[in-house]
Each structure stands twice: as C-alpha cells, then as structure tokens.
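First comes the structure, then the notes that go with it.
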Amino acid sequence: MSETTKLRKVGNSAGVSLPKQVIEALQLHLGEELQLTIRGDCLIIRKVQTLKDLLASVPENETSEEWKTGHATGQEVIDDE
C-alpha cells in the first residue's frame, strides 16, 4: 500500500493526516501511541506494542517453565495456584 498526504500547520507545529485506508490497515485508534523512527530520508511510523499486546499474541496452549528459576530470594510473589 502506498498513500500520499501533505504536511500541514497545526498550531505552532506541523502535522500529517493519515488516510483512512492506512488507519484501517494498521488497526489504529485515536489516542493510540505511535513510535516515530527516522532511517535516512524515511519516516517510519509504528504502533507501540504494549506487554498486554505481546502476551495476547502468545498461543493459549503455549506453556513454558523457563521463568521458574528456583525459590524466591527477596520479596518476589510467586503464585503456584
């Protein structure tokens, strides 16, 4: 997908309006945090992934015991239920 837009004055700053097709393709929502990265002459806009988003992408049947490293040594809370 390739879209074009214009840089516009927004108060004392400048802004870019994202076309509806881009918003829908990336499943963006108003107020959502975006990460801006500059690579050469390119601006890359990405959704910021939260821990909740990442955990939601883990399959339900995925189990791992790697986090179990032994007995608590400080004030860790380990729920074995």
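Computed from backbone phi, the HN-Hα couplings of region 36-44 come to 10, 10, 9, 10, x, 9, 10, 9, 10 Hz, rounded to whole numbers (Karplus: 6.51 cos²θ - 1.76 cosθ + 1.60, θ = phi - 60°; Gly and Pro given as x). Annotation: the residues Asp41, Asp53, sorted from fewest to most other C-beta atoms within 10 Å of their own C-beta, follow the order Asp41, Asp53. Across region 7-50, Cα pairs under 8 Å and at least six residues apart give a relative contact order of 22 percent. Spin-label pair Leu34-Glu60: with each label point 7 Å from Cα along the Cα-Cβ axis, the two points sit 3.4 nm from one another. For a paramagnetic label modelled on Ala25 (point 7 Å from Cα along Cα→Cβ), amide N atoms under 20 Å away belong, within region 41-63, to 41-49.
Computed from label points 7 Å out along Cα-Cβ, the spacing between Asp53 and Ser17 is 2.5 nm.
Coordinate-derived values only; no laboratory data. Because the structure is predicted, anything quoted here is derived from the model rather than measured. Neighbour counts are summed over all protein chains in view; Cβ atoms, including those assigned to glycine, are modelled from backbone coordinates with ideal geometry.
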